[in-house]
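Peer 1: Quick one: the structure is below, and I'll ask about it shortly.
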């Protein structure tokens, strides 16, 4: 996959959501923007269909922890992970969706979010037709921080996205909080003199008296989250929320249905050819009868139809004859053609031409009465038009227009 659509989710459907499209080939943002609310998510599907979509869950709605889990009997211990968080959760354990995404010697990193939030976000994706294969807490998209040795300073990565600060520290610590909570965060942090901070957004002057930071500004604040979003092992779309894919699919299997359909099509084609050959004489007879019927509809005064092809040529020759531009159906149609083309939404259903009266009677249908009035007004250049009875049925208006040559 060369391009990723990365979307920062909102907590509520009414809140805006920033997004960007990242090219792994050129290593740059090729598109970015913000949608007003969840109802507009379909715009991303329409514009960026086919790209892999990664959603960043708001820091206020999820959390990560590093839990002590011995290597011995770890498989059984992983099943008990939710109960290890029971004391710090405000919700019932059954209301929490938890995934583990990294295992260490004696610990396991987990991320969790409420089922209610996951169901809400997935309902947005479903309504928009957006195929989101990966959802992770946004602070885990910050660049990873290596574990410091005893004589090294602790390193933090921070970025301000919207009205939230995201922080990633060593030892699996990652968190986020609103801007107004920053003062409380600094007060709760200890040994700040041994902390080195890299900020991917401008460092507020109000923070400088407490601690300085190295500022590394990307093109967009969300750009700092791109590589982490793509490479992070954490994905909340696990368990009941996992996207189900077909197993054991061979490369040739997509072509199997094509081959079957092609075989069926070939059999149907050959059967059709055989049927046509056997019924050719019958079709010829039916076709001739239809031609004669059509000819009589066009020329009701014609009593005998022995050779419709020859007789049709004769009629066309008669229609094309006359004293130049002043007579003949063909010239008649030529003159009113521009008026017909200038009015959209009206269709001619039948034409009846009276050469003696120099009159053309048109049976037409249109979307409304106004279309007939527009056509009547558009016919000029030596012609007059008169509307007959107009009928409206099933959102269609039908009626007649009589066009006469002015003397």
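Peer 1: Specify which of the listed residues (141, 116) is modelled with pLDDT of 90 or more, over 30 Å from residue 3 (Cβ atoms) and either touching a helix residue (DSSP H, G or I) at 6+ places or on another chain (Cβ under 9 Å) or surrounded by 15 or more Cβ atoms within 10 Å (Cβ to Cβ) (or both).
Peer 2: Among 141, 116, only 116 is modelled with pLDDT of 90 or more, over 30 Å from residue 3 (Cβ atoms) and either touching a helix residue (DSSP H, G or I) at 6+ places or on another chain (Cβ under 9 Å) or surrounded by 15 or more Cβ atoms within 10 Å (Cβ to Cβ) (or both).
Peer 1: Buried (at least 16 other Cβ atoms within 10 Å of the Cβ) and more than 39 Å from the chain's Cα centre (by Cα) - does that describe any residue in the stretch 204-218?
Peer 2: Here is the first cut: in the stretch 204-218, the residues buried (at least 16 other Cβ atoms within 10 Å of the Cβ) are 207, 213.
If we keep only those that are more than 39 Å from the chain's Cα centre (by Cα) as well, we get 207, 213.
Yes, there is a match, as at least one residue in the stretch 204-218 is buried (at least 16 other Cβ atoms within 10 Å of the Cβ) and more than 39 Å from the chain's Cα centre (by Cα).
Peer 1: Could you list, in sequence order, the residues of the stretch 46-88 that are closer than 16 Å to residue 125 by Cβ and touching a strand residue (DSSP E or B) at 6+ places or on another chain (Cβ under 9 Å)? Give the steps one after another, and end with the answer.
Peer 2: From the stretch 46-88, those closer than 16 Å to residue 125 by Cβ are 46-58, 61; that's our starting set.
47, 48, 50, 51, 52, 53, 54, 55, 56, 57, 58, 61, listed by residue number.
Peer 1: Kindly indicate whether any position in the stretch 88-96 is assigned by TED's automatic domain parsing to the domain that holds residue 51, within 21 Å of residue 9 (Cα to Cα) and in contact (Cβ under 8 Å) with a residue 60 or more places away in the chain. Give the derivation first.
Peer 2: Our first condition is that a residue be assigned by TED's automatic domain parsing to the domain that holds residue 51; within the stretch 88-96, this holds for 88-96.
Still in the list and also within 21 Å of residue 9 (Cα to Cα): 95-96.
Applying the additional criterion that residues be in contact (Cβ under 8 Å) with a residue 60 or more places away in the chain yields none.
No, the stretch 88-96 contains no residue that is assigned by TED's automatic domain parsing to the domain that holds residue 51, within 21 Å of residue 9 (Cα to Cα) and in contact (Cβ under 8 Å) with a residue 60 or more places away in the chain.
Peer 1: May I pose another question? For residues that are in a helix (DSSP H, G or I) and at pLDDT 85 or above, tally how many sit in the stretch 41-77.
Peer 2: Qualifying residue count, the stretch 41-77: 10.
Peer 1: Do you know which residues across the stretch 1-40 are under 14 Å from the mean Cα position of the chain (by Cα) and outside any strand (DSSP E or B)?
Peer 2: 38, 39, 40
Peer 1: Take the residues in the stretch 125-138 that are surrounded by fewer than 17 Cβ atoms within 10 Å (Cβ to Cβ) and touching a strand residue (DSSP E or B) at 6+ places or on another chain (Cβ under 8 Å), then tell me which one is farthest from residue 101 (Cα to Cα).
Peer 2: For the stretch 125-138, the residue satisfying everything is 131.
Peer 1: Within the set of pairs 6+ apart or on separate chains, which have a first residue in the stretch 69-87 that is within 13 Å of residue 100 (Cα to Cα) and in the same structural domain as residue 108 (by TED's automatic domain parsing), a second that is modelled with pLDDT of 85 or more and assigned to a loop (DSSP other than H, G, I, E, B), and C-beta atoms under 6 Å apart?
Peer 2: Within 6 Å, the pairs are 77/69.
Peer 1: If you don't mind, there's one more thing I want to ask. Would you check if residue 95 is surrounded by fewer than 13 Cβ atoms within 10 Å (Cβ to Cβ) and under 20 Å from residue 64 (Cα atoms)?
Peer 2: Taking the combined requirement at face value, the residue satisfies it.
Peer 1: Taking the stated definitions as given, is residue 298 at pLDDT 75 or above and either over 30 Å from residue 313 (Cβ atoms) or surrounded by 10 or more Cβ atoms within 10 Å (Cβ to Cβ) (or both)?
Peer 2: Numbers: at pLDDT 75 or above: no; either over 30 Å from residue 313 (Cβ atoms) or surrounded by 10 or more Cβ atoms within 10 Å (Cβ to Cβ) (or both): yes.
In short, no.
Peer 1: Looking at the stretch 78-90 only, could you name the residues that are in a loop (DSSP other than H, G, I, E, B) and out of contact with any helix residue (DSSP H, G or I) (no Cβ under 9 Å at 6 or more places or on another chain)?
Peer 2: Residues satisfying the conditions are 80, 87, 88, 90.
Peer 1: If we only count strands (runs of 3 or more DSSP E) wholly inside the stretch 108-197, which ones have 2 or more residues that are farther than 18 Å from residue 229 by Cβ?
Peer 2: Because the criterion is at least 2 residues that are farther than 18 Å from residue 229 by Cβ, the strands (runs of 3 or more DSSP E) in the stretch 108-197 that meet it are 154-161, 174-178.
Peer 1: Can you pull out the residues in the stretch 374-398 that are at positive phi and without any contact (Cβ under 8 Å) to a residue 40 or more places away in the chain?
Peer 2: 394, 395
Peer 1: Kindly provide the set of residues from the stretch 267-284 that are under 27 Å from residue 307 (Cβ atoms) and surrounded by 10 or more Cβ atoms within 10 Å (Cβ to Cβ), ordered by number.
Peer 2: Listed by number, the residues that qualify are 276, 279, 280, 283, 284.
Peer 1: Of all residues in the stretch 163-179, which are under 20 Å from residue 223 (Cβ atoms) and surrounded by 18 or more Cβ atoms within 10 Å (Cβ to Cβ)?
Peer 2: Selection gives 164, 165, 166, 167, 168, 174, 176.
Peer 1: Filter the stretch 190-217 for residues that are in contact with a strand residue (DSSP E or B) (Cβ under 8 Å, 6 or more places away or on another chain) and over 19 Å from residue 146 (Cα atoms) and give the result.
Peer 2: The answer is 201, 202, 203, 211, 212.
The values are calculated or read from the model by the stated rules, or taken from the named source; none is laboratory data. Keep in mind it's a predicted model, so treat the numbers as computed, not measured. Cβ atoms come from the backbone with ideal geometry, glycine included; neighbour counts cover every protein chain shown.
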